[in-house]
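Some notes on the structure that comes next.
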Amino acid sequence: MRRLLAVAGLMLSSCSGSFGPAPLRGVADASHATSYKRVHAFAAPPDGSQPLAGLTTLNGRLYGTTSHGGYNYGVAFAIDGNGTHESIVHKFGSVYDGAAPEAALVVYKGALYGTTAAGGANGKGSVFAIDSTGAEHVVYSFKGGKDGYDPLGRLTVYGGELYGTTYFGGAKNKGTVFSVTLGGTERVRHSFTGAPDGANPKAGLIVVKGLLYGTTQGGGNQTRGFGTVFSITSGGKERVVYAFKPIYDGGDPIGDLIYVDAAFYGTTYNGGMNNDGTIYRLTPSGKESLLYKFASGKDGANPAAGLVNVHGVLYGTTVNGGAHQQGIVFKVTLKGNEAVVHAFAGGTDGAWPFSTLTLLSGKLYGTTQNGGGCSAYGNGCGTIFSLAP
């Protein structure tokens, strides 16, 4: 199963493992933050490999998923913040189990919940739970039709249920917003149609003042469809807050939104002056402005993840760009001043960060899909890293 996530050339493959970043322009000298530390380098199976998701905190530990490794269908893992002990919580891929998790986990009632892009009883993805003992079970297996399939975004707890998105499926096969009870009853809250409501949501949802907000990678009011930001009620009433425009506006939003000081902030993988992605600000009424346009040099290119707010400064990652063309960690003020915090160098260092950063005990933690030194996938099995903001 393959899906094109951005016209710049980012290709993800939930089953084959053969994906990489888009071509880049320009090479510059490396710039490493002194606080940067590689916390863990994933090894060949049975360890996990190729993490695409960010990390989740529970009882002072970090939990996450890898899209490969284990039985070659991905794992859920736990690790201490100092990296002294990493353990595999669950290996995906047993009979009717999920496979290829790409989204971060969410904590609810002491358990971890997440999605897998493939696997499940029908091979179309699943919602799963891992309890405090480490036991995993599939909450819901997608059927691949109107109920949606290929869930890629992080789940959100709302009204005692789990809400999420599927990249495909629904009435028009343009993706869905769904809810599922802890007992496994799934309900499609909205089926995307492409225009004007958007198509193919990859990001998860956030709750702001009683409404759910999210993004679609494609669709909207334009002929080609550059993506949307939308809101939806629990009853399924959807509204397009903003439809991205061609050329210099952002395009292909695939990262989660955050809400800071009465406005939404997010990233687009493409768009901007050089089609290398943007950081944007959006009011709930639909007024959009570009906070920063990436230029594919030292400043990074193609952000696939959302942002995290640390004392009024936004931190994020780009898949491409930087001194070694392996991606960066950046920070940007609410006035649009951007700086590179760390430029990944590949090799034993990380490469290609797809994930949103996580704050724990005053440090930011993240993952890189490649790098770390393992040779199982050619460019490395991926890393976990930390840095001080």
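The values are calculated or read from the model by the stated rules, or taken from the named source; none is laboratory data. Because the structure is predicted, anything quoted here is derived from the model rather than measured. Methodologically, a virtual Cβ is constructed for each residue, glycine included, from the backbone with ideal geometry; neighbour enumeration extends over all protein chains shown. These accessible areas exclude ligands, DNA and RNA; they are computed on the full protein's heavy atoms, side chains included. Shrake-Rupley method; radii C 1.70, N 1.55, O 1.52, S 1.80 Å.
Being of a type outside the set (Ser, Thr, Tyr) and without any contact (Cβ under 8 Å) to a residue 60 or more places away in the chain is a description that does not apply to Gly373.
Residue count for the range 56-69 satisfying the condition of being over 14 Å from Gly114 (Cα atoms), small (Gly, Ala, Ser) and either open to solvent by less than 10 Å² (accessible area, probe 1.4 Å) or modelled with pLDDT of 95 or more (or both): 1. For the range 65-76, the condition of being aromatic (Phe, Trp, Tyr) and farther than 23 Å from Val180 by Cα holds for at least one residue. Restricting attention to the range 206-226, the residues that are crowded, with 19+ Cβ neighbours inside 10 Å, without any contact (Cβ under 8 Å) to a residue 40 or more places away in the chain and touching a Pro at 6+ places or on another chain (Cβ under 6 Å) add up to 0.
Yes or no, residue by residue, for (1) closer than 22 Å to Gly366 by Cα; (2) in contact with a Ser or Thr (Cβ under 9 Å, 6 or more places away or on another chain); (3) surrounded by fewer than 24 Cβ atoms within 10 Å (Cβ to Cβ):
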{"site": "Thr228", "(1), (2), (3)": "no, yes, no"}
{"site": "Val241", "(1), (2), (3)": "no, yes, yes"}
{"site": "Ile247", "(1), (2), (3)": "no, no, yes"}
{"site": "Pro253", "(1), (2), (3)": "yes, yes, no"}
{"site": "Val260", "(1), (2), (3)": "yes, no, yes"}
{"site": "Gly266", "(1), (2), (3)": "yes, yes, no"}
{"site": "Met273", "(1), (2), (3)": "no, no, yes"}
{"site": "Gly277", "(1), (2), (3)": "yes, yes, no"}
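From the list Gly153, Gly148, Gly159, Gly164, the one residue that fits, being in contact (Cβ under 8 Å) with a residue 24 or more places away in the chain, farther than 15 Å from Gly204 by Cα and not aliphatic (A, V, I, L, M), is Gly159. Consider the range 318-359 and keep the residues that are in contact (Cβ under 8 Å) with a residue 40 or more places away in the chain, assigned to a strand (DSSP E or B) and open to solvent by less than 10 Å² (accessible area, probe 1.4 Å). The one that is nearest to Ile279 (Cα to Cα) is Val332. For the range 262-317, the strands (runs of 3 or more DSSP E) that sit wholly inside it and include 2 or more residues that are farther than 22 Å from Val240 by Cβ are 288-293, 308-310. The single condition among (1) among the β-branched types (Val, Ile, Thr); (2) at pLDDT 95 or above; (3) out of contact with any Pro (no Cβ under 7 Å at 6 or more places or on another chain) that Thr115 does not satisfy is (3). Residues that are within 15 Å of Tyr248 (Cβ to Cβ) and small (Gly, Ala, Ser) were ranked within the range 279-295; the one that is surrounded by the most Cβ atoms within 10 Å (Cβ to Cβ) is Ala295.
Scan the range 70-91 for residues that are closer than 15 Å to Ala117 by Cα, touching a strand residue (DSSP E or B) at 6+ places or on another chain (Cβ under 8 Å) and free of Cβ contacts under 8 Å to residues at least 40 places away in the same chain and jot them down.
Val75
Checking the structure you have, find out if any residue of the range 236-246 is under 21 Å from Gly114 (Cα atoms) and either under 19 Å from the mean Cα position of the chain (by Cα) or of a type in the set (Asp, Glu) (or both). Among the residues of the range 236-246, not one is under 21 Å from Gly114 (Cα atoms) and either under 19 Å from the mean Cα position of the chain (by Cα) or of a type in the set (Asp, Glu) (or both), which makes the answer no.
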